[in-house]
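Below is one structure, written out as structure tokens, with a few remarks after it.
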């Protein structure tokens with residue numbers, strides 16, 4: 001089994017362009033970088049967003065994401081805002097710059113994260129847990145708060161939390177990351193309850209293994225450490241995935257874009273498991 005999904009080139013006709021999932025929406029994506037964040041920003045543009053606001057701590061990552069959008073040739077407007085979501089003032093500035101430039105915020109993809117430390121809990125560096133909590137929970141809440149006020153002013157919006165399968169299916173050494181995302185999961189439900197009357201929807205996508213730069217690097221490192229082939233290591237993982245492949249990060253991004261689209265206009269407080277079937281809630 002391969003962890004790679006086949007690359008598909010999609011040519012969009014003028015008629016199909018009218019039904020793009022994010023047509024004319026103003027979208028913010030946090031956590032821009034190689035992998036899911038960049039996939040989300042490029043897909044938002046491909047699905048017709050009128051503007052995509054790119055947020056990450058590293059300016060070079062913003063440049064790379066912007067270039068991918070430009071290369072689509074769709075004329076999508078972009079705004080790059082270096083942002084550390086753990087800093088409340090930077091979150092407020094990001095939302096304000098978006099509204100100043102494009103007039104509103106329609107969609108927020110909360111994709112920024114800190115993995116924390118990968119250690120057994122009994123010996124874990126709890127300062128690393130705090131850093132993960134500062135980004136994954138408090139940082140995400142700060143950016144959400146900064147955007148919600150503007151969404152209310154414009155009559156609604158969609159917020160998509162990028163969550164993790166680890167909340168449902170614990171993995172050894174990922175306790176800190178899982179704990180921070182579990183806190184976010186609970187807050188997501190409360191946000192959906194409280195913001196529904198303002199036509200603001202809040203949902204979450206719970207990702208498992210995602211084939212992209214980070215996971216490719218992980219398997220390369222594991223292969224060097226163990227002397228086993230990458231194919232063997234990948235097969236070991238995919239045996240527990242009913243679809244038989246590690247989902248591509250681009251395919252995972254599509255699930256998140258669905259939640260942001262008008263096709264999910266009556267969906268809020270939902271949690272979508274995007275993991276090839278590795279975890280199936282009862």
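The values are calculated or read from the model by the stated rules, or taken from the named source; none is laboratory data. Computed from a prediction, not measured in an experiment: that's the story for all the values here. Cβ atoms come from the backbone with ideal geometry, glycine included; neighbour counts cover every protein chain shown.
For residue 129, work out the one condition from (1) in contact with a helix residue (DSSP H, G or I) (Cβ under 6 Å, 6 or more places away or on another chain); (2) modelled with pLDDT of 95 or more; (3) within 23 Å of residue 183 (Cα to Cα); (4) crowded, with 19+ Cβ neighbours inside 10 Å it doesn't fulfil. Among (1) in contact with a helix residue (DSSP H, G or I) (Cβ under 6 Å, 6 or more places away or on another chain); (2) modelled with pLDDT of 95 or more; (3) within 23 Å of residue 183 (Cα to Cα); (4) crowded, with 19+ Cβ neighbours inside 10 Å, residue 129 violates only (2). When each of 268, 188 is tested for being touching a residue at least 60 places away in the same chain (Cβ under 8 Å) and either assigned to a helix (DSSP H, G or I) or loosely packed, with under 14 Cβ neighbours inside 10 Å (or both), the lone residue that passes is 188. Restricted to segment 196-215, and to residues there that are in a helix (DSSP H, G or I) and without any contact (Cβ under 8 Å) to a residue 60 or more places away in the chain, the residue that is surrounded by the fewest Cβ atoms within 10 Å (Cβ to Cβ) is 197.
Being surrounded by fewer than 24 Cβ atoms within 10 Å (Cβ to Cβ) and either more than 22 Å from residue 60 (Cβ to Cβ) or touching a strand residue (DSSP E or B) at 6+ places or on another chain (Cβ under 9 Å) (or both) is a property that residue 116 lacks.
Of the residues making up segment 136-173, those that are part of a loop (DSSP other than H, G, I, E, B), touching a residue at least 24 places away in the same chain (Cβ under 8 Å) and more than 19 Å from residue 200 (Cα to Cα) are 168, 169, 172, 173.
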